[in-house]
């Protein structure tokens, strides 16, 4: 056959001692040498940029063992920028300042200045690439100072956008470490035996050395700060489980032992009342008997100093709103981009506003992407002495809203000051079911379908208040409707109206 003859002729062309496999290897080597040297890194890495305009990231490329960044991608979110190629020159204009680069060259013209890059400039696929280590020199004349690059951690801070913090050990009312930040923060929080970690992805958290602070505390021994791969992390080390609590403005995080919170939750014996100084005391507030004025007694009169008014304690919240999951526990993956923890946090914040607008003082157990254990949620809810507890969940199956109350038989309340932990909800089942019915009634007014069920859904069994778990499901087949602001407002408004209805019919 002609094909066989041609194959034999090709065989005779190979030089003695050479195999086709060795020639193939040489060809592959030549191909690799011919390919451009600039290429994306195997696992794509990014530079995190923190500016007064916001936080964003740009991809990095490796060239000759150095990290490079596309200067146009970096400047575009920061101002007006245009670029054009002029032969071997690449000219970029940013906010009316012109910068001129040359392919394969180190010198750069910036307005009337001459700068030198740390390594040569590259122009590839219409994109100008500059070495990462040269960004401070390039950006300082263009942007409001300071410009600070943490090259190893791949973090760039522009225009004083950094957030700083301080840490202080507080002894009262319990041993804790209070972290105070210069701006609101929203870290992801994870706990494990002996440590609590906060990971800051979007926040430009920055802290000077020393990176580790030691505390003279019986529970929390130290705090360490580190940054790497575009994030910052704070870690508190302890010999007991820890709990983090946010202030309402998210500028303060208080970290303390869970055991201390349990101790605070126990009822304290009432202090004995002092005997009034006269049959008609000037104030109904009990005060200690003061020491009489001896000089005045000699004249036949006893002089008593005026009573010192006592500060009124802060009123307890009426409602505790608990957005389930959080932190490293995302909950159900409702879609490729939608996690349960994010949906319920958004609904919880809307519900908080709706309840406050109705005059119902409300406490959010988490107002950020924070991880709380089930026991921690129950402890915080019970410690608050609230009348109602609402746990929020989200699902993708079915439609409408499902309302759950605890699955426990009613029992006689325990004698004494304490309730059994695993059945603390038992004596509140009736009021919980009433609350569930009131929420269902309000949902029905909005034509939102609902089902009332009993289920062993933690931490309902541990809650010493009227407690309902609310699982929100999209109104139709599209799960992204859970992220609709209008739908979330509708659900939050109905829940708030149901709680207000229960509050008006409840007895103290």
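Only the coordinates and a few stated rules stand behind these numbers; no lab work does. Just so you know, these numbers come straight off a predicted model, no measurement behind them. Every residue, glycine as well, gets a Cβ built from its backbone with ideal geometry; the counts of neighbours run over all protein chains shown.
Taking the DSSP beta bridges with both ends in region 46-158, the antiparallel portion is around 95 percent.
Pulled fully out, how much extra length does the chain show between residue 53 and residue 195, if you take 0.36 nm times their separation in residues and subtract their Cα-Cα distance?
Values: separation 142, 0.36 × 142 = 51.12 nm, distance 3.41 nm.
Value of the extension gain: 47.7 nm.
Computing FRET efficiency as 1/(1 + (r/R0)^6) for residue 229 and residue 168, where r is the C-beta to C-beta distance and R0 is 22 Å, gives about 0.15. Across region 46-158, Cα pairs under 8 Å and at least six residues apart give a relative contact order of 23 percent.
Taking every C-alpha pair closer than 8 Å and separated by at least 6 residues, the mean separation divided by the residue count of region 166-268 gives a relative contact order of 30 percent. When each of the peptides 445-452, 397-404 is scored by the mean number of other C-beta atoms lying within 10 Å of its residues, the order from highest to lowest reads 397-404, 445-452. Computed packing ranks the peptides 203-210, 149-156 as 149-156, 203-210, most packed first, by mean other Cβ atoms within 10 Å.
Over all alpha-carbon pairs in region 165-264, figure out the percentage whose distance exceeds 24 Å. Kindly include the intermediate steps, with their values, before the conclusion.
On the way: 774 of 4950 pairs.
The answer is 16 percent, as a whole percent.
Most tightly packed first, judged by the mean number of other beta-carbon atoms within 10 Å of their residues, the peptides 360-371, 316-327 read 316-327, 360-371.
Ordering 123, 101 by the number of other Cβ atoms within 10 Å of each residue's own Cβ, fewest first, gives 123, 101. Where in region 370-403 is the amide nitrogen less than 11 Å from a point lying 7 Å along the Cα-to-Cβ axis of residue 452? Output list for this probe position: 403. At full extension, residue 358 and residue 88 could sit 90.4 nm farther apart than now, given 0.36 nm per residue minus the alpha carbon distance.
Altogether, the Stokes-Einstein calculation at 20 °C and 1.002 mPa s, with the Kirkwood radius of region 46-158 over Cα pairs as Rh, returns a diffusion coefficient of 152 µm²/s.
Using only the Cα atoms of region 40-94, build the gyration tensor, take square roots of its eigenvalues as a ≥ b ≥ c, and label the shape rounded, prolate or oblate: rounded if a/c is under 1.5, else prolate if a/b is larger than b/c, else oblate.
Working: a/c = 3.21, a/b = 1.08, b/c = 2.96.
In terms of gyration-tensor shape, oblate.
Quick one: 121, 56, fewest Cβ neighbours within 10 Å first, how do they rank? Intermediate values should be presented prior to the final figure.
Details: 121 21, 56 17.
Ranking 121, 56 by Cβ neighbours within 10 Å, fewest first, gives 56, 121.
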